[in-house]
1. Search the stretch 117-150 for residues being within 21 Å of the chain's Cα centre (by Cα) and of a type in the set (Val, Ile, Thr), and hand back the single one that is farthest from Pro186 (Cα to Cα).
2. Of the conditions (1) over 22 Å from the mean Cα position of the chain (by Cα); (2) outside any helix (DSSP H, G or I), Phe114 fails just one. Which one is it?
3. Filtering the stretch 173-197 down to residues that are of a type in the set (A, V, I, L, M, F, W, C) and assigned to a strand (DSSP E or B), which residue is nearest to Val36 (Cα to Cα)?
4. Check off (1) touching a Phe, Trp or Tyr at 6+ places or on another chain (Cβ under 9 Å); (2) without any contact (Cβ under 8 Å) to a residue 12 or more places away in the chain for Pro178 and give me the number that stays unchecked.
5. Could you look through the stretch 35-71, keep only residues that are of a type in the set (Val, Ile, Thr) and within 12 Å of Pro153 (Cβ to Cβ), and pick out the one that is surrounded by the most Cβ atoms within 10 Å (Cβ to Cβ)?
6. Taking the stretch 122-132 as the region of interest, how many residues are under 15 Å from Phe156 (Cα atoms) and either part of a loop (DSSP other than H, G, I, E, B) or out of contact with any Lys or Arg (no Cβ under 9 Å at 6 or more places or on another chain) (or both)?
7. With the checklist (1) more than 22 Å from Pro60 (Cα to Cα); (2) modelled with pLDDT under 90 in hand, flag the one item Ala166 doesn't pass.
Amino acid sequence: MACNGHNHPPDCQCGFKGGRLASDRVPRWGRWSPTVARRRASGPNASCPHCYARVFFVAPRNGGGAYFEQFGPPWTKHPCTDASKKYSPFNAEGRPKLRNRRSEFERDGWLPLFVRNIELLAIGALIHAVTLEDPTVLHFGLATELEIDSDRPIYFRRLDAPPALAEFNFFPKSALEPVTRRVFVPCLTEIELRIRLNK
């Protein structure tokens, strides 16, 4: 369908429809899965409602959501929708900003993680999960009061020292901002988690 923009040629297909682009709708967010992770690795899933740049949109189950420049830690918010920053689509030299560079989280060793089961404990949780390319189940011990929203993206990376530590990057339930927490791996029981916390 042709656009209805003033002074646009009759065969223009720019998507302009009475002052709004066709992509100006808030996108839907499905359950976090290997398919979603592969799809997001290949490119953005939304357009910024202000500058129409291609961005990544992540939402909790109860509505709302946030737009990000890159998909994965450290979850850089898109400047147009981040009220704390003034946005310009151009850099200091006046050239458009590049958006297709290798992301920071890929350089820093973060891997997408898919939760199979979460055992809630009095002192935290035991998380059993797999990575994108490896079906071997990993067992993590997490000491936190935050509840992980397994429908949204979860990433982890191993830390060099000590070898039994890793980091989780996840969205707590009903929160728009992701958090990063240290976890123990492997950790199979509540007793093992308590022992590691007391070391």
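1. Ile148
2. (1)
3. Looking at residues that are of a type in the set (A, V, I, L, M, F, W, C) and assigned to a strand (DSSP E or B), I get Val179.
4. (2)
5. The residue in question is Val58.
6. Going through the stretch 122-132 one residue at a time, the tally reaches 3.
7. Condition (2) is where Ala166 drops out.
The values are calculated or read from the model by the stated rules, or taken from the named source; none is laboratory data. It should be emphasised that the depicted structure is a prediction, and the values quoted were computed from it without experimental measurement. Cβ: placed from backbone, ideal geometry, glycine included. Neighbour counts: every protein chain shown.
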